[in-house]
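Shown next, in structure tokens, is the structure this report addresses.
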Amino acid sequence: MTMQNDAWVVSLVGIGLVALLFIYVIAQAGKTAPDPTTVQKGAYALRRPFFWALIVLGIGVTYATLRTFPIPKQQGPLYPAQIVQVVAHQWSWQISPGSIQAGVPIEFDVTSADVNHGFAIFDAHDRLLTQTQAMPGYTNRLIYTFARPGNYRVLCLEYCGVAHYGMMDELHVVAHKGDR
Ligand code: CUA
């Protein structure tokens, strides 16, 4: 949703800039042209600062839009508190157990009974938390720690046939037993 609003603002600003350029050209239409050599010199003088301004702007925009990589580190010794078996089917998820503990590392052993699927977990704001491929004949291990209890959505991220869009499920994440 917010992405859409951002796209709107960017589009409107872009349209506004183009409109301003048109207004400027129209306003200049009646005037006599200045000496071309002075114009050229002015443009050359502007070239260097303009170039550096673009570089700075590029670095700034890149830095401002950086996000932390959404998938936690998978290497190193990990001691999951719970192992969850995930089998993908056309077009449903078989997840056991369905009740998962919060605050401790969970290992998802993800495989598929038929074709390639994408196992992806989303939070209540539809933000992608983690994901891995669900492949026939392989088990992909995915480690994830849920920060807080709640209901999380599982969606398929790999096109897997006509009902791919309907391949959804829910994870019920409950407070860790030791926390109470
Ligand atoms: Cu399973 Cu798309």
| field | Index of the failed condition, Val87 passing every other in (1) closer than 23 Å to Val174 by Cβ; (2) at pLDDT 95 or above; (3) open to solvent by 100 Å² or more (accessible area, probe 1.4 Å); (4) of a type outside the set (D, E, K, R) | value | (3)
| message | Condition first: surrounded by 17 or more Cβ atoms within 10 Å (Cβ to Cβ) and away from the ligand (no atom under 16 Å from the Cβ). Can you find one or more residues in the range 155-163 that meet it? | response | no
| field | Any chance Gln133 is of a type outside the set (Val, Ile, Thr), within 16 Å of the ligand (Cβ to nearest atom) and crowded, with 16+ Cβ neighbours inside 10 Å | value | yes
| message | Any residue at all in the range 94-113 that's in contact with an Asp or Glu (Cβ under 8 Å, 6 or more places away or on another chain), part of a loop (DSSP other than H, G, I, E, B) and open to solvent by 60 Å² or more (accessible area, probe 1.4 Å)? | response | no
| said: Give me the residue from the range 136-154 that is surrounded by 15 or more Cβ atoms within 10 Å (Cβ to Cβ) and hydrophobic (A, V, I, L, M, F, W, C) and, out of that set, nearest to the ligand (Cβ to nearest atom). | reply: Val154
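The values are calculated or read from the model by the stated rules, or taken from the named source; none is laboratory data. Predicted model only: the values in this text are computed from it and were never measured. Cβ atoms come from the backbone with ideal geometry, glycine included; neighbour counts cover every protein chain shown. Accessible surface areas use protein heavy atoms only, side chains included; no ligands, DNA or RNA. Shrake-Rupley method; radii C 1.70, N 1.55, O 1.52, S 1.80 Å.
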